[in-house]
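Contents: one structure, followed by commentary.
The values are calculated or read from the model by the stated rules, or taken from the named source; none is laboratory data. Not measured: the values here are computed from a predicted model. Note that we place each Cβ from the backbone using ideal geometry, even for glycine, and neighbour counts take in every protein chain shown.
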């Protein structure tokens with residue numbers, strides 16, 4: 001009986017470890033000291049899905065709406081009052097949805113159906129949305145214009161001790177690393193399919 005319980009416990013622990021290693025979650029919270037307004041966002045990645053969830057001060061709504069319209073376009077947009085919703089489907093199955101209300105934003109992506117390029121767009125969009133939600137200062141959002149691939153640039157001021165600048169440069173470096181890792185995985189898949 002003890003052996004059976006040990007085996008069941010071992011199986012349960014392996015299942016828990018497997019689940020936690022296949023999914024990563026980043027949660028950020030910011031509280032503005034001027035009027036104690038709290039903002040929070042979380043990004044959850046796994047091999048099957050990508051989820052972004054945020055609650056924020058109502059004043060950030062127009063900034064978030066501007067970047068969403070710029071990146072997602074208006075073809076798949078439905079507007080009902082102050083609620084903006086985007087969805088995309090393939091073969092009758094919705095694989096992407098986004099809902100923006102006054103103080104809440106949710107994005108959900110099924111990575112098993114979405115293309116790698118669309119996932120990259122949503123992954124980068126999520127990072128930018130998180131920056132807006134967490135920011136203490138308002139952003140003025142300029143339309144996205146893709147740049148040709150370039151060599152990674154060194155930090156603008158390598159001796160800077162400004163925590164915000166360091167955080168921004170760290171996020172940019174992490175994005176570049178994540179893109180490079182996704183590109184390696186894509187190339188491995190292509191190579192594997194070619195054999």
Taking the range 58-86 and keeping only residues that are out of contact with any helix residue (DSSP H, G or I) (no Cβ under 9 Å at 6 or more places or on another chain), surrounded by 15 or more Cβ atoms within 10 Å (Cβ to Cβ) and without any contact (Cβ under 8 Å) to a residue 60 or more places away in the chain, one is left with 61, 65, 69, 85
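Yes/no per residue for (1) within 22 Å of residue 56 (Cβ to Cβ); (2) at pLDDT below 80; (3) surrounded by 10 or more Cβ atoms within 10 Å (Cβ to Cβ); (4) within 14 Å of the chain's Cα centre (by Cα):
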position: 113; (1), (2), (3), (4): no, no, yes, no
position: 120; (1), (2), (3), (4): no, no, yes, yes
position: 124; (1), (2), (3), (4): yes, no, yes, yes
position: 136; (1), (2), (3), (4): yes, yes, yes, no
position: 146; (1), (2), (3), (4): no, yes, no, no
position: 151; (1), (2), (3), (4): no, yes, no, no
position: 160; (1), (2), (3), (4): no, yes, yes, no
position: 179; (1), (2), (3), (4): no, yes, yes, yes
position: 192; (1), (2), (3), (4): no, yes, no, no
Name the strands (runs of 3 or more DSSP E) wholly inside the range 4-96 in which the number of residues that are at pLDDT 65 or above is 3 or more. 37-46, 49-55, 77-80, 83-90
